Structures are given as C-alpha cells and as structure tokens.
1. Counting only residues that are in contact with a strand residue (DSSP E or B) (Cβ under 6 Å, 6 or more places away or on another chain) and part of a loop (DSSP other than H, G, I, E, B), which one in region 142-158 is nearest to the ligand (Cβ to nearest atom)?
2. Check every one of the helices (runs of 4 or more DSSP H) wholly within region 217-326 and list those with 2 or more residues that are surrounded by fewer than 12 Cβ atoms within 10 Å (Cβ to Cβ) and not hydrophobic (A, V, I, L, M, F, W, C).
3. Please state which one of 161, 132 is at pLDDT 95 or above, part of a helix (DSSP H, G or I), more than 10 Å from the ligand (Cβ to nearest atom) and over 16 Å from the mean Cα position of the chain (by Cα).
4. May I ask you to list pairs of residues, at least six apart or on different chains, whose Cβ atoms are under 9 Å apart, with the first in region 1-20 being without any contact (Cβ under 8 Å) to a residue 40 or more places away in the chain and the second being part of a loop (DSSP other than H, G, I, E, B) and within 9 Å of the ligand (Cβ to nearest atom)?
5. Checking the conditions here, which among 209, 174 is modelled with pLDDT of 95 or more and closer than 27 Å to residue 44 by Cα?
6. Counting residues that are closer than 23 Å to residue 282 by Cβ, within 16 Å of the ligand (Cβ to nearest atom) and within 13 Å of the chain's Cα centre (by Cα), which strands (runs of 3 or more DSSP E) fully inside region 1-117 reach at least 1?
7. Could you check how many residues of region 155-168 are in contact (Cβ under 8 Å) with a residue 60 or more places away in the chain and buried (at least 18 other Cβ atoms within 10 Å of the Cβ)?
8. Which residue out of 41, 123 is surrounded by 13 or more Cβ atoms within 10 Å (Cβ to Cβ) and within 28 Å of residue 310 (Cβ to Cβ)?
Amino acid sequence: MRRKRVLSGMRPTGKLHLGHYVGALENWVALQEEYQNFHLIADYHVLTTQLDISDIAEDTLEMLKDWLAAGIDPQRSPVFRQSQIKEHTELFLILSMLVTSARLERNPTLKEQVRDLKMENLIYGHLGYPVLQAADILLYKGEFVPVGEDQAPHVEISRELARKFNRTFGEVFPEPRAKLTKFARLPGLDGQTKMSSSLGNTILMSDEPENIQAKMRKAVTDPQKVRKGDPGRPDICLVFTHHTRFNKTQVKDIRGGCESGGLGCVDCKLRCSEAIAEHLAPFRERRSYYDDHPEELIDILRDGENRARTEAQATMAEVREAMGLG
Ligand code: TRP
C-alpha cells in the first residue's frame, strides 16, 4: 500500500536550537517510520522578510547538518531546496489566482508578524507567503503537515486552495491536514515563553556540554527560591520544563527535591545540563561527521532534489492537463 505523505518544511536560518528540535524535528524523525516524508528547505520564503540572503548557502548547510544529526534519513525521505525546483514557482502562480487578497490579509500569522516586526509596508510576496507554502505542500500531494500552532492557519489556506483548484479544474490534490506537535513550545533560558534565536535565549543542538552548562547556569528560575533550602515551584520553572523533556528518568526526583527545598538550583541546573548533553551526544557525533564531509551534504541535496523534482513534474503535468494548458 502507498504510504501517506508528509510534507514538512523550515526556513533555513542556520544552526537550530532545542526549540526547533522539540517543536518540530523530533516529530519529523518519528514520522519517518510510518509515512513517506518530504523535507523541504524553504529558501524562497526567507525573502519575504529579508532581501540580504548572502548567508543562505551556509545557513542551509548548518540547518541540514542539524536535521541529519537528529536522525532525518535522506535515503528514505528526500531533502531538498525549494529554489532548486522550478515547479514551486509555477504552482505558486496558478494558486495565487484562486485566493482573494482579503483572505490573505486576514491571516493571523501574518498579522502577528507585521506587529512583532513592526512592518510598515507589506510586500506583495509576503502577503502570498501561505500561497507559496500551499504550493510546497500540494506539489508533493502532501496529506499531513507537521507544524506548530502558529502555522496552522497556513495549512488551512492550503486546504482551501486544494478544494478551490479541484472544484474549478478537476480533482488533482488531496486536502492536506495539519499534524500539530503536542509539546510544541520550549521556554527560553531567560524565562520568555519561547526559545528563539532573535531573543538570544537558546541552547543550540550543536552546543558542546560546557556551553550548555554555561548557558544553563544563567537561566532564570523561580524568583521565590533564593537559596538552597527554600521550597521552589517547578511548574513555573523553565529548568524544570527542560527536565521533563530531556531527563525523564529523574523528573520525579527533581520535582520532589525542588518542592521540599532539598535540591538547590545550582545542582538542579547541573543535572539538567548533563541530561541535555547526553541526549545531544549522538547528534554531535553525527554532525561532526558531516563537518568533515561537506561534499556528502551536497550529494544529499542533489539526490533529494532529483527525487523531489520527479514528483513535482508529475504533479504539474496533471495540473496542466486538468487546466487544459497542454
Ligand atoms: N512557514 C513554515 C515555517 O515558517 C516553513 C514552511 C515553508 C513550511 N513551506 C512549508 C512548513 C511547507 C510546512 C510545509 O515554519
């Protein structure tokens, strides 16, 4: 039987942090077992918010190394850059005729971005961000899209576009569905709700154990727990959240120690850093292999792009046929 298809994508922003891992990548790796996955590097999407993309080649390779380090298997699942497959732009153009600008202006993810980045003028291509994303998904007939909540509105627009195309020109696309990541958000080390590169509150997947320890040492904890002996509140502590994700076997013990006051923050952080470093150890090893063999990264992309292109071309042939474009 044909495996159901999963299309997952990320913009290439360089080295990934634990928030990316917990919110997306870990889930992608698990999905490989059951689905046919396509892993898209959304390089064109970067242009919606910045025109200086002089670092994009390096950022792409750094991100790819983290994907491979975490266990993405490029033989099972093609890994490819959007910009290397012309069919993305073709389908993007066609889909852009099937949605109103009012619909795109209502997109809550866009509104949030305009507010957070204080954009004054919205670029036409940025308004079309979800249309390009729909092309990414529909070209591979993606049925599931693993995303965090902020991306769910984009998957909804993809569904609407699939439906509209099918009704107008004939049945070509399955309607994709969002597969929401359960434990989507990891707090930043400064106590903000989200770990994010722009906030500078991250632990990188590629950080060395000493780095992890140094960053963790500065992490914000429960302000009521001033010294060892004071009882703490693990449920409001970001270090505890990291324990629940990376230190499952000790988590009960940590909660008890924090609440009773027996465990101080210094010790707790040390144990947390160790657990994270241990979790990441096999990743670091795989990553360093690719640091030494950059030519293999190029081969992985080239191979993934060939396979993705074959799929994309087959879909576009159906699209043209349905539309009578010959
Ligand atoms: N918009 C997604 C993000 O910022 C990245 C992306 C681009 C994507 N194309 C995609 C995700 C297709 C899923 C499917 O996270």
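1. 142
2. Correct list: 251-260, 265-292, 294-323.
3. Exactly one of 161, 132 is at pLDDT 95 or above, part of a helix (DSSP H, G or I), more than 10 Å from the ligand (Cβ to nearest atom) and over 16 Å from the mean Cα position of the chain (by Cα), namely 161.
4. Partner pairs satisfying both residue conditions: 11/42.
5. Answer to the selection: 174.
6. It comes to 5-10, 36-41.
7. Count: 2.
8. After applying the criteria, what remains is 41.
The values are calculated or read from the model by the stated rules, or taken from the named source; none is laboratory data. Since we're looking at a predicted model, the values are computed, not measured. Reconstructed Cβ throughout: ideal geometry from the backbone, glycine too, with neighbour counts over all protein chains shown.
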